[in-house]
Amino acid sequence: MIDLHYWPTPNGKKVSILLEELGLPYTVAPVHIGRGDQFSDDFLKISPNNRMPAIVDHAPEGGGAPISVFESGAIMLYLAEKTGRFLPADVRGRYEVIQWVIWQMANQGPKFGERGHFSRVGPEAGDQSYAQRRFNDETHRLYGVLNNRLYDRPYIAGDDYTIADMIAYPWTVGWQAQGIDLEEFKYFKRWFDELSARPAVQRGLAVSAGPAEDPASLSPEEQARRRRLLYNQRARPAPAS
Ligand SMILES: N[C@@H](CCC(=O)N[C@@H](CS)C(=O)NCC(=O)O)C(=O)O
């Protein structure tokens with residue numbers, strides 16, 4: 001059995017989609033990031049960067065103690081290796097996939113994430129126009145990278161659907177809010193429509209972490225507390241020796 005430490009964001013949904021595609025049994029352990037669950041001592045033991053997703057595999061290959069993995073790219077690789085699926089075994093095919101998994105982790109995820117951040121910050125943070133333009137442009141550029149990649153192959157790593165597709169897809173579900181015109185990226189759109197129609201992708205996207213909360217129901221004080229918690233993080237002190 002696998003514990004999925006999860007909150008329903010694009011990074012969390014990468015892993016729920018893969019688990020659904022694999023048909024592996026898992027239980028969801030909610031990490032309510034607005035309330036600050038990611039800072040609990042127990043969670044930091046498995047995810048020292050105070051970010052979800054993370055997994056704990058209670059039945060790892062070869063037996064022994066449970067294995068925990070944080071960082072969604074590492075989790076995708078771990079689950080693909082464990083099951084021998086969605087990651088080719090030959091060196092060429094394998095590194096086609098791995099380089100796109102790392103592309104997602106180093107480019108698409110962070111840049112799209114910062115685009116979202118700078119589009120949300122309020123006027124109290126001052127003029128954000130430079131940062132907004134920078135990350136809107138990067139987002140547009142990265143859609144172009146995907147579109148050009150998908151021009152002459154059905155999936156990101158080639159002929160087969162792999163974890164490279166599953167890791168990039170959830171960040172594109174918000175294309176409209178990201179200011180993207182799908183007519184400009186028709187090869188991307190073909191891929192996006194195909195993945196969106198997969199039942200396991202739909203199940204993975206729908207995985208919840210409990211009843212949805214209406215942000216408007218939060219008091220202004222609670223909203224401000226949550227913004228500080230998420231937007232003003234600084235180093236945690238090391239334990240005393
Ligand atoms: N590179 C990480 C990013 C994970 C990440 O940024 N998770 C966010 C939610 S999407 C989080 O846990 N945020 C909590 C916080 O900012 O304290 C991964 O891909 O796993």
Response to the item:
Along region 172-189, Karplus-curve 3J(HN,Hα) (6.51, -1.76, 1.60; θ = phi - 60°) to the nearest Hz, with x for Gly and Pro, reads 9, 4, x, 3, 5, 5, 7, x, 9, 9, 5, 4, 6, 10, 6, 6, 4, 4
Fill in: Amide N of region 81-98 lying under 15 Å from the label point, which is placed 7 angstrom from the Cα of Y187 along Cα→Cβ
none
Worksheet item: Once both labels are modelled 7 Å past Cα along the beta-carbon direction, what's the S119-Q132 spacing in nm?
Response: 1.1 nm
Worksheet item: Whole-Hz Karplus ³J(HN,Hα) for region 113-124, in order, using 6.51 cos²θ - 1.76 cosθ + 1.60 and θ = phi - 60°, x for Gly and Pro?
Response: x, 5, 4, x, 4, 6, 7, 8, 5, x, x, 4
Response to the item:
Between T9 and R227, the two model label points (7 Å from Cα along the beta-carbon direction) sit apart by a distance in nm of 1.7 nm
Worksheet, complete the sentence: Here the tail fraction of P(r) beyond 34 Å, over all Cα-Cα pairs of the chain, rounds in percent to 19 percent
Worksheet item: Cα centroids of region 174-219 and region 26-54: how far apart, whole angstrom?
Response: 23 Å
Discussion item. What distance in nm lies between label points placed 7 Å from Cα along the C-beta direction at A65 and A197?
Written reply: 4.8 nm
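Read-outs: derived from the displayed coordinates by stated rules, not from any lab. Keep in mind it's a predicted model, so treat the numbers as computed, not measured. Neighbour counts are summed over all protein chains in view; Cβ atoms, including those assigned to glycine, are modelled from backbone coordinates with ideal geometry.
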